[in-house]
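Data first, discussion second: the structure below is written as structure tokens.
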Amino acid sequence: MSEALVAVEAAGAEITAPAASGARQFWRRLRAQRAALVAAAVVALLVLVALAAPLLTSVEGQDATTYHPGLVDSARGGVPIGSLGGIGAEHWLGIEPQTGRDLFARLVEGARVSLGVAFAATLVQVLIGVTVGVAAAMGSRWLDQVLSRITDIIVALPLMIMALALLAVVPASFPRPVLVALVIGLIAWGNVAKIVRAQTLTLKGLDHVAAARLSGWGAVRVARRELLPGLAAPVITYAALLVPTNISAEAALSFLGVGVKPPTPSWGQMITAADVWYQAAPQYLLFPAGALFTTVLALTVLGDGVRTALDPRAASRLRVGTGRARKEDAA
């Protein structure tokens, strides 16, 4: 019996030994993917712009809330005066129709709000979803049933209706960006929990997880040392797709009056307000929509690259399939 335990402990040590080099292998695989590196650079640039928004607006000499009524044509309903929506040395991307607020300032300040809300909501979703999913898969059958039913209820909850209900009880003094992030995160974690639970049930049947449990490790240690590394790939990939989804959710909540309210800018709010101006002032729609599209595309490509770097077997299967296809074409 003691020899068997020694063998199990040795197997567990053998499994965890390569963990030290796992980070280096991940970065080496990620660097081999040019598209993922470009996407990472775009995401880093967007985050940098969001963080440096006050500095950028001060360099331009404008801010996101000051009205410039003299720069819009009131006779035409508030259309910006000048070519290309009033683009010039003082207003780098033009001005907002009807109000005359600087579009560049609102775009970079809106990046702080939209990205901040999206990343914060995603973090809340991942933390709750991973905790519930792992607990359901590793716990008893009774606990699994309870947590699974709670997860089903969370998935079925309509986000917009729940947000409107929360608006009635949350004081108006509560910061709206924080409220939106909490509403999205606390209501929309169900799919993360389902993915994590399914993946954890699969990992539980692997030899190295069984060896760790037989060696006397507790459930928390098994989850932290053996399960979480295997969950990293699907969770990170899904989280990268959640960020643009959460940006869209923030836009919908802002449209319903629950989310970020003027004069605080956000990309979703700008796109919503631009639906009546896209013909008279197309840049008012194109700039925030372009920023949102770029963010979605970059995060999607980066998420796929991270998945491949964390799961090299996917890249191996792709290369094998490509090689077979080439041989068939050559034949």
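The values are calculated or read from the model by the stated rules, or taken from the named source; none is laboratory data. Not measured: the values here are computed from a predicted model. Note: ideal-geometry Cβ built from the backbone for every residue, glycine included; neighbour counts use all protein chains shown.
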Those residues of region 36-53 which are assigned to a helix (DSSP H, G or I), modelled with pLDDT of 90 or more and of a type in the set (G, A, S), in sequence order: A39, A40, A41, A44, A50, A53
Neighbours by Cβ (under 6 Å, 6+ apart or cross-chain): first from region 258-284, farther than 22 Å from G82 by Cβ and touching a residue at least 60 places away in the same chain (Cβ under 8 Å); second among the hydroxyl-bearing types (S, T, Y) and in a loop (DSSP other than H, G, I, E, B): V260/S266; P263/T65
Given (1) touching a Leu at 6+ places or on another chain (Cβ under 8 Å); (2) in a helix (DSSP H, G or I); (3) touching a residue at least 40 places away in the same chain (Cβ under 8 Å), index of the condition A135 fails: (3)
Near pairs, Cβ below 7 angstrom, 6+ apart or cross-chain, from region 150-170 (at pLDDT 90 or above) to any residue that is surrounded by 14 or more Cβ atoms within 10 Å (Cβ to Cβ) and part of a loop (DSSP other than H, G, I, E, B): I154/W189
Failed item in (1) at pLDDT 85 or above; (2) surrounded by fewer than 22 Cβ atoms within 10 Å (Cβ to Cβ), with A137 passing the rest: (2)
Residue match in region 181-196 (condition: within 30 Å of Y67 (Cβ to Cβ) and small (G, A, S)): yes
Residues (among the hydrophobic types (A, V, I, L, M, F, W, C), part of a helix (DSSP H, G or I) and within 21 Å of M162 (Cα to Cα)) located in region 244-290: I247, A249, A251, A252, L253, F255
Total residues in region 272-303, condition surrounded by 15 or more Cβ atoms within 10 Å (Cβ to Cβ), at pLDDT below 80 and within 28 Å of the chain's Cα centre (by Cα): 4
Hits in region 212-251 (condition: farther than 30 Å from G116 by Cβ, in contact with a Phe, Trp or Tyr (Cβ under 9 Å, 6 or more places away or on another chain) and buried (at least 20 other Cβ atoms within 10 Å of the Cβ)): E226
Region 101-129: number of residues that are surrounded by fewer than 24 Cβ atoms within 10 Å (Cβ to Cβ) and farther than 12 Å from A64 by Cβ: 8
